[in-house]
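Below is one structure, written out as structure tokens; comments come after it.
The values are calculated or read from the model by the stated rules, or taken from the named source; none is laboratory data. Values in this document were obtained by computation on a predicted structure and should not be read as measured data. Using ideal geometry, Cβ is built from the backbone for each residue, glycine included, and neighbour counts are taken over all protein chains shown.
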Amino acid sequence: MKKVVIFLGVMLFAKDFVFCTSCHNGRKEIKLSTLTKQEIVKKLHEFKSSEKGTMSYIAKGLSEKDIKKVAEKYGK
Ligand code: HEC
């Protein structure tokens, strides 16, 4: 798990958040584009304060600025 987190961390800064779509690419049930910008911000804050799951690790790596950016990019 640690390696995955480090890998994701690197991708995060290198790829301007396109890595989010490797899991949220529209083919699966979790589509970011169905959420509003506010919903994305809220969910990411929830993930940040939780201790379990993939998104919790990912959200902890995002700053407030990052969260705003991804919400702008993927929210409807
Ligand atoms: C390794 C796969 C993976 C990556 C990469 C990933 N996510 Fe997720 N995401 C998930 C999973 C799995 C869930 C569902 C988890 C849950 O509900 O506990 C989820 C849920 C979410 C949700 C809540 C969706 C909903 O309808 O409740 C948001 C918002 C979200 N992710 C945003 C992001 C953003 C933004 C990024 C990029 C910074 C990202 N995710 C990258 C796997 C991933």
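In table form, for the structure just shown:
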{"quantity": "Count of segment 49-60 residues which are hydroxyl-bearing (Ser, Thr, Tyr), within 11 Å of the ligand (Cβ to nearest atom) and surrounded by fewer than 17 Cβ atoms within 10 Å (Cβ to Cβ)", "calculated": "3"}
{"quantity": "Qualifying residue in segment 21-38 (condition: basic (Lys, Arg), at pLDDT below 75 and either touching a Leu at 6+ places or on another chain (Cβ under 7 Å) or not in a helix (DSSP H, G or I) (or both))", "calculated": "yes"}
{"quantity": "Checklist (1) modelled with pLDDT of 85 or more; (2) surrounded by 13 or more Cβ atoms within 10 Å (Cβ to Cβ); (3) near the ligand (Cβ under 10 Å from one of its atoms) applied to residue 46, failing item", "calculated": "(2)"}
{"quantity": "Pairs where the first residue, in segment 36-56, is of a type in the set (Lys, Arg) and the second is outside any helix (DSSP H, G or I) and more than 8 Å from the ligand (Cβ to nearest atom), C-beta under 9 Å, 6+ apart", "calculated": "37/75; 37/76"}
{"quantity": "Which numbered condition residue 9 fails, given (1) modelled with pLDDT under 75; (2) within 9 Å of the chain's Cα centre (by Cα)", "calculated": "(2)"}
{"quantity": "Members of segment 61-73 found to be touching a helix residue (DSSP H, G or I) at 6+ places or on another chain (Cβ under 6 Å) and either surrounded by fewer than 17 Cβ atoms within 10 Å (Cβ to Cβ) or not in a helix (DSSP H, G or I) (or both), listed by number", "calculated": "61"}
